[in-house]
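A.B. asks: Okay, handing you the structure first.
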Amino acid sequence: MIMNDKLYDLLKFVALIILPVGTFISTLCNIWGFGHAEQIQQTFIALDVLIGCFVTVSNQVYKRKNNG
């Protein structure tokens, strides 16, 4: 599975910046007692893990293809 550069960069940005910020915000919401914060936080974490897997697999396939 090789992604094009734009998709790879977008997913990497989402995984490294957007989802962790969302997790931070939902953690604060949980601390302050806002509704459904824990479910939102767990969703952000699950999405981050999934996207991280896609980016890592794509990166490894790219490296093997271009260095092998």
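Laboratory data are not the source of any read-out in this text; all were calculated from the coordinates shown. Bear in mind the structure is a predicted one, so any value in this text is a computation, not a measurement. Methodologically, a virtual Cβ is constructed for each residue, glycine included, from the backbone with ideal geometry; neighbour enumeration extends over all protein chains shown.
A.B. asks: Go through the range 41-48 residue by residue and turn each phi into a ³J(HN,Hα) via Karplus (6.51, -1.76, 1.60, θ = phi - 60°); whole Hz please, and just put x for glycine and proline.
C.D. replies: Working through the residues one at a time gives 4, 5, 5, 4, 5, 4, 5, 4 Hz.
A.B. asks: Once phi is turned into ³J(HN,Hα) by the Karplus curve 6.51 cos²θ - 1.76 cosθ + 1.60 with θ = phi - 60°, what whole-Hz value does each residue of the range 29-34 show in order, with x for glycine and proline?
C.D. replies: Values per residue, Gly and Pro as x: 4, 5, 4, 8, x, 6 Hz.
A.B. asks: Still on this structure, I have one more. Which order do the peptides 57-66, 13-22 take when ranked by the mean count of other beta-carbon atoms within 10 Å per residue, highest first?
C.D. replies: Result, highest mean Cβ count within 10 Å first: 13-22, 57-66.
A.B. asks: Additional query: Roughly speaking, what % of Cα-Cα pairs in the chain are separated by over 16 Å, rounded to a whole number?
C.D. replies: 52
A.B. asks: Hey, another quick one. Give the residue list of chymotrypsin sites (Phe, Trp or Tyr not before Pro) in the range 16-61 that are DSSP loop and have at most 10 other beta-carbon atoms within 10 angstrom.
C.D. replies: Trp32
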